[in-house]
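The values are calculated or read from the model by the stated rules, or taken from the named source; none is laboratory data. Just so you know, these numbers come straight off a predicted model, no measurement behind them. Because the Cβ atoms are built from the backbone with ideal geometry, glycine has one as well, and the counts that use them run over all protein chains shown.
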Amino acid sequence: MDTSGFYDELAGRYDLIYADWDASTTRQGRALDSLLTAALGPGPHTVLDNACGIGTQALGLAVLGHRVTGTDLSPASVARAAREAAQRSLALPVAVADMRALPFADASFDAVVCADNALPHLLTARDVSAALAETLRVLRPGGLLLLSTRPYGELRRARPQSEPPHVHHGPDGRTVTFQLWHWHADGERYDLELFQLLPAGDTWTTRMSSTAYWALPEEETAGYARRAGFADALWHAPADTGFHQPVLAARRPARP
């Protein structure tokens, strides 16, 4: 299943991955806002979330007053992000777009967020470089990139075969989400199968979606960012930010 299809299929139930999705949007928004304001000042700032999904980070940042635009490959996810924003009376312009070819003018944003392991869906050096070059282009001079991935330096060494289950309690009962990972022979890429057990009376309905990732260690990701033209690339640990993944912060240089 391609990346767009994976998230299209999952869009209607993506929130069920979380024990409490609303609380997660709040927590992630605050963590990213702290990094934004530490680097750029109090704002509000113009922010592009270039892998917005159903709005997990974009909504959290918009609640805090930032002027957020969301883009994503998945039409179903973008449509849901728009609905979620409308239900909260938040302004969140959205568009279907590929992070390798963004539909915005040069220097359009103060910051770009690419969170929750989105960049590793790109499986080649060429595609990763293209996405980071586009990110640099749409940032104003001095603008900030915030990019989060799984801690792949550690995961490449351990090569886990699965991720522990997550349980969501809803009005219809419990939803259980878990993942199986199938590592490629190169030891760098893996196929992920995401399973959800959905309550159906006294039994369960099973849904499965699959996608692929490139497990780029942190320093390799920072190296791609530097080669794309970013400066001051620095990883921030979850213990320091409150975000659930390591976050790479990097700047577009203020002068060429």
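Considering each of Asp110, Asp98, Asp106 in turn, give the residue that is more than 22 Å from His45 (Cβ to Cβ) and either outside the structural domain of Glu220 (by TED's automatic domain parsing) or among the acidic types (Asp, Glu) (or both).
Only one candidate passes the filter, namely Asp98.
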*In segment 149-205, the residues that are among the β-branched types (Val, Ile, Thr) and farther than 19 Å from Leu16 by Cβ*: Thr149
_Qualifying residues in segment 70-81 (those that are in contact with a strand residue (DSSP E or B) (Cβ under 8 Å, 6 or more places away or on another chain) and buried (at least 21 other Cβ atoms within 10 Å of the Cβ)) - the one farthest from Asp110 (Cα to Cα)_ = Ser74
*Go through segment 228-240 and give me each residue that's outside any loop (DSSP other than H, G, I, E, B) and buried (at least 21 other Cβ atoms within 10 Å of the Cβ).*
Ala228
*Only strands (runs of 3 or more DSSP E) wholly contained in segment 115-204 count here; list those with 2 or more residues that are without any contact (Cβ under 8 Å) to a residue 12 or more places away in the chain, farther than 23 Å from Ser74 by Cβ and among the β-branched types (Val, Ile, Thr).*
none
*Does Leu48 satisfy the criteria of being over 28 Å from Val176 (Cα atoms) and within 14 Å of the chain's Cα centre (by Cα)?*
yes
_Residues of segment 50-81 that turn out to be without any contact (Cβ under 8 Å) to a residue 24 or more places away in the chain and either closer than 17 Å to Ala11 by Cα or in contact with a Phe, Trp or Tyr (Cβ under 7 Å, 6 or more places away or on another chain) (or both), as a count_ = 0
_I need a count of the residues in segment 23-50 that are crowded, with 21+ Cβ neighbours inside 10 Å and not in a helix (DSSP H, G or I)._
5
*Subset tally (residues that are more than 21 Å from Thr211 (Cα to Cα) and among the β-branched types (Val, Ile, Thr)) for segment 114-145*: 2
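Output the number of residues of segment 83-92 satisfying the condition of being aliphatic (A, V, I, L, M) and either without any contact (Cβ under 8 Å) to a residue 24 or more places away in the chain or buried (at least 18 other Cβ atoms within 10 Å of the Cβ) (or both).
3
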*Any hit, segment 120-142, residues being over 25 Å from Thr71 (Cβ atoms) and under 18 Å from the mean Cα position of the chain (by Cα)*: no
